1. Can you tell me the FRET efficiency between SER195 and GLN388 if r is taken as the Cβ-Cβ distance and R0 is 51 Å, rounded to the nearest 0.05?
2. For the pair ALA320 and ALA222, how long in nm is the line joining their label points, each one 7 Å along Cα→Cβ?
3. Among the listed pairs LYS239/LYS293; LYS47/LYS251; LYS161/LYS251; LYS145/LYS239; LYS143/LYS251; LYS161/LYS234, which are separated by more than 26 Å between their Cα atoms?
4. Within the stretch 191-210, find all residues whose amide N lies under 19 Å from a label point positioned 7 Å from the Cα of ASP371 along Cα-to-beta-carbon.
5. In debye, nearest 20, what is the charge dipole magnitude of the chain about its Cα centre with +1 on Lys and Arg Cβ and -1 on Asp and Glu Cβ, if you could check?
6. So who's got an amide H within less than 5 Å of the one on SER97, skipping anything under 5 residues away but keeping other chains? H placed 1.01 Å off N, in plane.
7. Which one, LEU213, LEU238, ILE196, projects farthest toward the positive side of the charge dipole computed for the stretch 171-308 from Cβ point charges (K/R +1, D/E -1)?
8. Angle, helix 16-27 long axis vs. longest principal axis of the chain, Cα atoms, 0 to 90°, nearest 10?
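All of the numbers you see were taken from the coordinates with simple rules; none came from a lab. These figures come from a predicted structure and were not determined experimentally. Glycine also receives a Cβ, built like all others from the backbone with ideal geometry; neighbour counts cover every protein chain displayed.
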Amino acid sequence: MPSEISTDIVIVGAGVAGLWLNARLRRLGYSTVLVENATLGGGQTLKSQGIIHGGAKYALHGALTGASEAIADMPRRWREALAGSGELDLSGVRLLSEAHYLWSPGTLAGNLTSFFASKAVRGRVDQVKGEQLPPALQDRGFKGKVYRLAELVVDTPSLVKRLAELGGDGLLAGQRIEPLREHGELAGLIVDGLSIRAQRVVLSAGEGTEHLLRDLGIEQPAMQRRALHMVIAKGPNLKPLYAHCLGGGPKPRITVTTHPAADGQWVWYLGGDIAEADGVAREPAAQIAAAQKEIGHLLPWVDQRQIRWATLRVNRAEPAQSGLVRPDNAFLADQPGLLVGWPTKLALAPDFADRVIATLERDGIQPRATDTLPELPRPALATPVWDQLLP
């Protein structure tokens with residue numbers, strides 16, 4: 001391998017944000033190198049629930065928010081990409097569910113009247129009954145109400161695999177990442193001794209961005225961590241369920257998605273309010289007990305005797321906000337020669353790429369590199385967390 005290569009854009013971080021951006025840039029004719037120091041998608045991407053939100057859960061308190069406005073168009077863009085007719089060709093990526101559901105276990109909460117009238121969900125929510133119900137709720141003991149949301153759930157491992165294919169020869173496994181400076185300006189990166197000259201460097205490494213900024217001697221933008229304590233349940237009798245279960249507050253009481261394990265069984269991945277404040281404070285055994293109690297109360301017909309349980313702590317990396325509030329959109333900040341950002345949610349990866357591309361256009365950065373890249377050491381695909389914790 002040579003000691004120096006040139007490219008148009010070098011990206012650090014091969015989660016969904018970096019992979020999506022990389023594929024978009026390549027489709028626009030840019031030469032790119034995407035650097036990953038671990039595995040493809042192994043950070044937050046494969047620890048997400050795969051929901052392509054359309055803003056519904058952010059409108060649960062009955063008012064339209066910046067978040068629900070910003071994210072409202074994401075399901076359409078993802079659907080077009082999954083059909084092979086969008087900004088990327090993601091045909092072949094496994095779609096786990098054509099819809100996500102809103103599930104009320106009993107009497108509807110009073111705030112849902114304004115929720116259904118809000119701009120975020122108007123015309124995109126339908127009540128379902130009988131055979132239209134998600135399989136896990138098709139029990140005669142179920143007495144609640146279910147609404148179909150115009151959202152979808154993707155299989156994140158197949159998504160990462162497809163985006164990696166679209167990355168072509170530009171994916172690089174590298175451990176030691178240092179700035180490449182010329183005349184005091186950032187001119188690229190040095191990765192394991194390989195100098196990569198580029199017109200721009202983009203940091204999209206999630207939690208790892210904080211360390212990269214420190215190594216570059218840059219204090220802003222600052223990063224915050226939103227801690228989650230997710231629960232994983234695996235058993236031969238689990239049936240598919242993709243739903244937010246309503247509680248008494250503005251957040252889903254529990255959010256369930258269902259994923260295929262390597263041995264063919266279904267895995268329930270539980271987030272929502274149970275994974276947040278109180279859940280983060282619990283030890284794993286107590287968090288599992290809380291989840292078992294919730295499932296027993298909400299879905300009493302589910303036989304838990306054959307279910308195996310595990311928990312997973314996840315730090316969702318975001319740009320620092322006053323009061324640790326959730327950012328509304330994908331975030332991007334620019335420094336000389338450098339762009340730094342976080343998509344803030346899986347669904348907002350296209351928005352993150354839009355922001356990078358708009359900044360490149362603003363700065364007059366056009367495809368310029370003509371050299372063919374040499375064969376680079378390639379990062380491996382990450383293993384889904386449920387196959388690691390509950391093989």
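1. Working: r = 35 Å, r/R0 = 0.69.
The formula returns an efficiency of 0.90 here.
2. The two pseudo-label positions are separated by 0.2 nm.
3. Values: LYS239/LYS293 18 Å; LYS47/LYS251 20 Å; LYS161/LYS251 32 Å; LYS145/LYS239 18 Å; LYS143/LYS251 21 Å; LYS161/LYS234 24 Å.
Check vs 26 Å cut-off fails for LYS161/LYS251.
4. 191-202
5. Values: 42 positive and 41 negative charges, 306 e Å.
In total the dipole reaches around 1480 debye.
6. Residues meeting the criterion, in which the H sits 1.01 Å from N, are VAL153.
7. About the Cα centre, the residue reaching furthest to the positive side is LEU238.
8. 50 degrees
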